[in-house]
Amino acid sequence: MMWYYGDAPMGWGGIVMMTLGMILFWGTLAVVGVLVLRKVNEGGRSGSALRILEERLARGEIDTEEFDRVRKTLSTR
């Protein structure tokens with residue numbers, strides 16, 4: 001004899017909890033996905049202007065005079 005034939009064995013409370021759990025799961029997954037995509041897109045922007053300037057100086061693209069001039073310009077803005 002099948003006691004739960006045609007009826008959910010967990011009842012309405014279980015069905016509601018399972019539905020809320022799935023909404024929470026997919027919502028969390030969507031939020032994590034958005035955060036990961038934002039982090040990946042920030043990879044193209046290396047950061048603040050001063051940090052970019054320091055990297056250019058370290059690579060030898062600019063000299064210290066130009067570095068000081070641009071840094072002073074950035075600090076006044």
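What follows is calculated from the coordinates using simple rules that are stated; it is not laboratory data. Fair warning: this is a prediction, and the values are worked out from it, not measured in the lab. Because the Cβ atoms are built from the backbone with ideal geometry, glycine has one as well, and the counts that use them run over all protein chains shown.
Computed values, structure above
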| read-out | value |
| --- | --- |
| Gain in span if fully extended, residue 71 to residue 18, counting 0.36 nm per residue against the direct Cα distance | 13.4 nm |
| Summed side-chain charge close to residue 62 - residues other than residue 62 whose Cβ falls under 12 Å, Lys, Arg +1, Asp, Glu -1 | -3 |
| Integer Hz, Karplus 6.51/-1.76/1.60 couplings in order for the stretch 65-70, x for Gly and Pro | 5, 5, 4, 4, 5, 5 |
